[in-house]
Amino acid sequence: MKAFARTPLNLEKMKTPQGQVYLIPERCKGCGLCIEFCPREVLRESAAINAKGYHFPEIAPGKETSCVHCQFCTMICPEFAIYTEEATG
Amino acid sequence: MTQAIVVDSHPLDQILRADRMPHIFCPGCGIGIAMRCYAQALLESGIPQQRHVVVSGIGCTGRVAGYIAIDSYHTTHGRAIPFATGLKLANPNLMVTVFSGDGDLAAIGGNHLIHAARRNVDIKVICVNNFNYGMTGGQCAPTTPLGAIATTAPYGNPEQPFNLPYLLVAAGAGYVSRWTTLHVRQLKQDILRCFARPGFTFIEVLSACPVGFGKSNSIADGLEELQLYRERCVIADGVPLEEMGIDLRENRPIYIGNFIDRDLPVYHPVSLTT
Amino acid sequence: MHGDEACAEGAIAAGCRFFAGYPITPSTEIAERFAQRMPELGGVFIQMEDELASIAAVLGASAAGARAMTATSGPGLSLMLENLGLGVMLELPCVIVDIQRGAPSTGLPTMVGQADVMQARWGSHGNYSIIAYAPWSPQEAFDLTVLCFNMADRFRTPVVLLGDEVIGHMMERVVIPPAEQLPRWERKRPTTPPPTAGPYRAFEPDPDDLVPPLPHAGEGYRVHFTGLTHDERGYPDMSGEAHHVLVTRLNEKIDRHVEEITRLEDYGLEDARIVVVSFGCTARSARRAVREARARGIPVGLLRLVSLWPFPEAVLRELAQRVDTFIVAEMNLGQVRLEVERCSGRPAVGVHHAGGEMIHPEQILQAILRSAGR
């Protein structure tokens, strides 16, 4: 058998994680990075604005269960304004 | 999940000076991202926070020291590296990181940068390169591309920029990498590797500066610059160092990754007692 | 032992175990002595790439808890001034030795000068107060360096030792007492454990002496030290009010303790109508001239300034009430004379030389005779 660089995943056993987005709206500066770089396009700019007038993100309609807790939004946000955790249950 | 849950604290607040948030960096600026990678690496470093020290110079990136909840020293322009050298040599038990910008480290602090690299002093240097002096409003830095517009180069920068990895390797640095603020996983991982690796390490982090550099060089905002990174960044594999210069206005590959990793004797003051 | 070596030995006796410097005549021998001795004592000697790096490394070492020192001369001190200001702002104790030479600019590298007096006081930008001592012998180079470290730690401030090339390069007997007999004033350190939330208030002064306890790096106090104007937590605070409070304290911290800091030596001041004021190597000529003048029955005394900064105003004002004439002998064109005139409220006679050769006692004697109407 060909030696794989890593052992292949067994798709039956794998369960795609389900993420829960947490937001600190007051820290958001509306840079749009989390919206742009979310691989599942879960986020969009909300109509609401924070005290500084920045449009913080919200969950795009129909994307309520799309987040897979990949944490890219958490890591790309320069303001420490958003993060995700694995949704329980 | 139905909606995002509004909270008032972030998991990293434990390592940040949350009472000083939100920080001063402009919307779309990459410094916050680089800072986050460093903060995450601090937590995962396995080194007690008490032993971590961050030293920064003057400039936008110089303000990072003020946001990390560890022993932090915000020193004078260009002198973060020698200050960090003194700290480290006086207490070798400390893990000393210098976190500063391209202007601070490579212009006014250039002499200290190359000598610290030559000596292989055991300090970890993270240089956020946003191609200009951001704090003072967008002047030319030693990394500003030839011909780029800056407030001190309204007709185009007449100077060749440094190619920092090339400079550092030539100065004798043992470990030189370059990432961008889009490569957040790799950057954090590389910082962890630097913590684990004795001797001088240098990580250049390309970062968007929409206000100072971007808007006068036709990069609308931070988002657009990160998109440029996404399109153009290539892990350097056998690319000669002298070709690693960067000019975001040209559609040329941006080479990132670790460029050199050689074991050199780490600087230790002479001691007859140990 | 010559003055440079004595200065280094004084630092070592005071427990200095960190030296970062850069070669410059006439203080290089201090660095050379440290290069020799630190490895024996488990201390750190590092020759940095320039004077900017040297003082920065010294401040870093001080922040980590070391008694740290650098040594240079006029041109090097010019390069160190910005970070001297940083040392004042971060309130980091350290010792900066300036073995003065012919100035300004490259001047007379191998020859004596005393023209950095005002530079030591006002060289860095902004209002700050500094402590500076001037030895007039290798023995005093030893003793005063020990004092510099004690003062630096006592007031959490940089301290300057203003030597000169003559003292630095002359050989004389130096008595080095055993280290334990030397006075050692430890830094005021935090008495409370690190706070659970927020940083330790590393800039909250003791009300009685305005000196905050100094936490070192690596002790878990999560301190923030910044050259920016800061509040008591060390957090940047860009308000005018915070600036006034901080800068006023940084100055009063020194100026309120002039008496404790001042070191003077007087000879024949009791009945003096004329007082010669001098310091460093020039004071030796002055001493000779005063002795000869007294032998001729002239009521003249010598006031030797061992501490130049903060300037001993009260002593001068008190003397001015009963003294007719002040003569200031110094190897510059009147820097200390300015201070003497300010404090005495009237012009003083100056015996000056721009530098490069000693002021001969005869020159000072002539000034005394003229002032005495002889």
If you bin the C-alpha pair distances of region C:3-181 every 5 Å from 0, what whole percents do you get?
2, 10, 20, 24, 23, 14, 6, 1, 0
Rounded to the nearest 5, what % of DSSP beta bridges with both residues in the protein assembly as shown are antiparallel?
30
From the residues C:PHE155, C:MET69, C:GLY123, which one has its Cα farthest along the dipole of region C:3-181 in the positive direction, the dipole being from +1 and -1 charges on Cβ of Lys/Arg and Asp/Glu about the Cα centre?
C:PHE155
If you build a Gaussian network model of chain B, linking Cα atoms that sit under 10 Å apart, which residue out of B:GLY134, B:GLY147, B:GLY222 swings the most?
B:GLY147
Of the listed pairs A:LYS15/B:LYS188; A:LYS52/B:LYS215; A:LYS63/B:LYS188; A:LYS15/A:LYS52; A:LYS29/A:LYS63, which have alpha-carbon separations greater than 31 Å here?
A:LYS15/A:LYS52
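Just how many % of Cα pairs in region B:152-217 lie over 17 Å apart, if you round to the nearest whole percent?
57
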Along the dipole axis of region C:23-170 (charges at Cβ: +1 for Lys and Arg, -1 for Asp and Glu; origin at the Cα centre), the most positive-end residue among C:PHE45, C:PRO23, C:VAL112 is C:PHE45
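Please give the calculated 222 nm ellipticity per residue for chain C, where each DSSP H segment of at least 4 residues contributes -39500 (n - 2.57) and the sum is spread over every residue; nearest 500 deg cm²/dmol?
Rounded to the nearest 500, the figure is -12000 deg cm²/dmol.
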Values of log10 I(q)/I(0), in the order q = 0.07, 0.10, 0.14 Å⁻¹, for region B:25-259 under a Debye, Cα-only, solvent-free model:
-0.19, -0.40, -0.80
Beyond 30 Å, what share of the Cα-Cα pairs of chain C is found? Please give it as a whole percent.
38
Running Debye on chain A with equal point scatterers at the Cα sites and no solvent, what base-10 log of I(q)/I(0) appears at q = 0.21, 0.22 Å⁻¹?
-0.96, -1.03
Which residue, B:PRO11, B:PRO92, B:PRO198, tops the fluctuation ranking in a GNM of chain B built on C-alpha contacts under 10 Å?
B:PRO11
Share of Cα-Cα pairs in region C:212-301 lying beyond 22 Å, as whole percent:
57
Helical contribution to [θ] at 222 nm, DSSP H n ≥ 4, -39,500 (n - 2.57), averaged over chain A, rounded to 500:
-2000 deg cm²/dmol
Rel. contact order, % - alpha carbon contacts under 8 angstrom, at least six apart, region C:12-127
26
Probe 1.4 Å, protein heavy atoms only - accessible area per residue of region C:11-51 in square angstrom:
31
Based on the Kirkwood radius over alpha-carbon pairs, what value in µm²/s does the Stokes-Einstein equation return for the translational diffusion coefficient of region C:1-76 at 4 °C and 1.567 mPa s?
108
Quick one: the Cα spread of region C:136-175 along its three principal axes, in angstroms, biggest first?
32, 21, 10
For region B:1-64, what does the equivalent ellipsoid look like in terms of its semi-axes, each the square root of 5 times an eigenvalue of the Cα gyration tensor, given largest first in whole Å?
22, 18, 11
Sum up the charges of everything whose Cβ sits under 9 Å from the Cβ of B:GLU204, counting Lys and Arg as +1 and Asp and Glu as -1, but leave B:GLU204 out.
0
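Counting DSSP beta bridges in region C:266-371, what percent are antiparallel, to the nearest 5?
10
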Under a cut-off of 21 Å between alpha-carbon atoms, report the lysines in cross-link reach of C:LYS253, not counting same-chain residues fewer than 8 places apart.
C:LYS188
Quick one: putting +1 on the C-beta of Lys and Arg, -1 on the C-beta of Asp and Glu, what dipole do you get for chain B around its Cα centre, in Debye to the nearest 20?
500
Relative contact order for chain B: what is it in percent, counting Cα pairs under 8 Å that are at least 6 residues apart?
18
Within region B:133-185, chymotrypsin sites (Phe, Trp or Tyr not before Pro) in DSSP loop having at most 11 other beta-carbon neighbours inside 10 Å
B:TYR155
Using only the alpha-carbon atoms of region C:117-270, report the extent along each of the three principal axes, biggest first, to the nearest angstrom.
55, 35, 32
B plus A alone minus the pair: what accessible area, both sides summed, probe 1.4 Å, in Å² to 100?
3000
Can you give the net charge of the other residues whose Cβ lies under 12 Å from the Cβ of C:GLY123, counting K and R as +1 and D and E as -1?
-2
Cα-centre dipole for the protein assembly as shown with unit charges at Cβ (Lys and Arg positive, Asp and Glu negative), debye to 20
420
Per residue, how many Å² of accessible area does region C:266-371 show with a 1.4 Å probe?
38
Ignoring ligands, DNA and RNA, please state the percent of accessible area on the protein assembly as shown from carbon and sulfur, probe 1.4 Å.
54
Calculated from DSSP H runs of 4 or more alone, at -39500 (n - 2.57) each and per residue, what is the 222 nm mean residue ellipticity of chain B, nearest 500?
-7500 deg cm²/dmol
Under Stokes-Einstein, with the Kirkwood radius over Cα pairs standing in for Rh, what whole-number D in µm²/s applies to region C:75-200 at 10 °C and 1.306 mPa s?
99
What share of the DSSP beta bridges in chain C is antiparallel, in percent to the nearest 5?
25
Candidates B:CYS194, B:CYS140, B:CYS233, ranked by Gaussian network fluctuation over chain B, Cα under 10 Å, top entry
B:CYS233
Accessible-area loss of at least 50 Å² (1.4 Å probe, chain alone to full protein assembly) applies in region C:181-199 to none
Helix C:313-322 axis, angle to chain C major axis (alpha carbon atoms, nearest 10°):
20
What Kirkwood hydrodynamic radius do you get for the protein assembly as shown when you take the inverse of the mean 1/r over all pairs of distinct Cα atoms, in Å?
28.1
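Can you pull out the buried accessible area for chains C and B, both sides counted, probe 1.4 Å, rounded to the nearest 100 Å²?
Separately minus together, C and B give about 3200 Å² buried.
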How high is the relative contact order of region C:266-371? Use alpha-carbon pairs under 8 Å, at least six apart in sequence, and give a whole percent.
33
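The values are calculated or read from the model by the stated rules, or taken from the named source; none is laboratory data. In this text, all values refer to a predicted model and were calculated from it rather than measured experimentally. Note that each Cβ is placed from the backbone with ideal geometry, even for glycine, and that neighbours are counted across all protein chains shown. These area figures cover heavy atoms from the full protein model, side chains too; ligands, DNA and RNA do not enter into them. Shrake-Rupley method; radii C 1.70, N 1.55, O 1.52, S 1.80 Å.
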